[in-house]
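Asks: One structure, pasted below without further comment.
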Amino acid sequence: MKVLGINGSARKGWNTQTLVMRALEGAASMGAETELIDLYTEPLKGCLECFACKRKGNKTGGICAIRDNMRPLLEKAHDADAVIIGSPNFFGYPSAMTRAFLERFLYPLTSYKVENGKRVPPAGSRTIPAGIIFTMNASKEAYEMMGYSVSLGATKSSLEYVLGYAEQYNSYMTLQFKDYSAMDANMFDADARINRHRTQFRIDEQNCYEMGRHLVAKAQELSNL
Ligand SMILES: Cc1cc2nc3c(=O)[nH]c(=O)nc-3n(C[C@H](O)[C@H](O)[C@H](O)COP(=O)(O)O)c2cc1C
């Protein structure tokens, strides 16, 4: 059982990567082999709409046909029994590299073909349980008020639609800066953020650990069907 963690934040060791790592630890505690990849090690391109994956009789096998630096990452995701993707909320959406990755991971697995009123899954596709973890400045209330539940929720819906199963976890009011006093950012209560990082963020870590365990249980359940 292989579980792939995908960090869509440029900052290693910060909120997003930490939560993805906790989720992978949860997966490992269930016996899964885990790997973490960082999407911000080099620039990645999104979908180019070449439609090679949509041509009749194509041999792409559900993997994007473009042979570039994204290809090894896509092969790993395609090979995984479950994937756990983490991204910061950037203006209501996943980060640019997370979006590039998702476009090219999900689109070749998206079927436009219907037979007897039912969608025919593309060759090479199967249910891959997915976890999506978002970290953000917003509070839970602001998440609703700003419409993030709709825009970020759409990523979860797309994962569910294409991969067959998805869970979402949100970490709110994350610690954004090491030293708030050095930043032109007095709208934040630095002490409250630091305190929250020591308390609520620990709970977020535990919840992501449980998400990792749950995704493995889901993948095991599917493999026994
Ligand atoms: C370019 C940019 C845009 C952001 N936009 C939002 C936003 O619209 N809403 C929000 O709640 N937080 C926003 N944030 C804050 C990040 O989502 C938050 O700090 C996140 O936890 C960063 O993840 P990291 O610590 O893993 O890098 C933004 C941060 C940056 C750098």
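Asks: Give the peptides 189-199, 13-23 in descending order of average Cβ contacts within 10 Å, highest first.
Replies: 13-23, 189-199
Asks: Kindly flag which residue pairs out of K59/K118; K12/K54; K59/K218; K45/K156 have an alpha-carbon separation exceeding 24 Å in this structure.
Replies: K12/K54; K59/K218
Asks: Still on this model: What is the calculated FRET efficiency for M1 to Q200, with r their C-beta to C-beta distance and R₀ = 30 Å, to the nearest 0.05?
Replies: Using R0 = 30 Å, I get an efficiency of 0.45.
Asks: Right, something else. Give me the accessible area per residue for the chain, probe 1.4 Å, as a whole number in Å².
Replies: 52 Å²
Asks: Can you pull out the chymotrypsin sites (Phe, Trp or Tyr not before Pro) in the range 111-200 whose DSSP state is coil and whose Cβ has at most 15 other Cβ atoms within 10 Å?
Replies: Those satisfying the criteria are Y112, F177, F188.
Asks: Estimate the FRET efficiency between S111 and E33 by the formula 1/(1 + (r/R0)^6), using the beta-carbon distance for r and 30 Å for R0, to the nearest 0.05.
Replies: Efficiency at R0 = 30 Å is approximately 0.55.
Asks: Show me the trypsin sites (Lys or Arg not before Pro) within the range 63-99 that DSSP assigns to loop and that have at most 15 other Cβ atoms within 10 Å of their Cβ.
Replies: Passing both the DSSP loop test and the Cβ count: R67.
Asks: Another question, then. Over the range 2-223, what percent of the accessible surface lies on carbon and sulfur atoms, probe 1.4 Å?
Replies: Looking at the range 2-223 in its full context, I get 52 percent from C and S.
Asks: May I pose another question? Given a 10 angstrom Cα cut-off, can you work out which residue in P129, P72, P94 is the most mobile in a GNM of the chain?
Replies: Highest fluctuation among the options: P72.
Asks: At 25 °C and 0.890 mPa s, what whole-number value in µm²/s does Stokes-Einstein give for the translational diffusion of the range 122-225, with Rh from the Kirkwood sum over Cα pairs?
Replies: Here the translational diffusion coefficient equals 155 µm²/s.
Asks: Let me ask something else. Evaluate Rg over Rh across the chain, taking Cα atoms for both radii and Kirkwood's formula for Rh.
Replies: 0.99
Asks: Within the chain, which whole H helices from DSSP have a Cα span along their axis of at least 18 Å and a mean Kyte-Doolittle hydropathy of -1.0 or more, if any?
Replies: For the chain, where a helix must reach 18 Å along its axis and average at least -1.0, the hits are 15-29, 148-163, 200-223.
Asks: Now for a different question. Rounded to the nearest 0.05, what FRET efficiency do D68 and E25 give with R0 = 45 Å and r taken as the Cβ-Cβ distance? Could you check?
Replies: The calculated FRET efficiency here is 0.90.
The values are calculated or read from the model by the stated rules, or taken from the named source; none is laboratory data. Quick caveat: nothing in here was measured; it's all calculated off a predicted structure. All Cβ positions, even for glycine, are placed from backbone atoms using ideal geometry, and neighbour counts span all protein chains on display. Accessible surface is based on the protein model in full, side chains and every heavy atom, while ligands, DNA and RNA are left aside. Shrake-Rupley method; radii C 1.70, N 1.55, O 1.52, S 1.80 Å.
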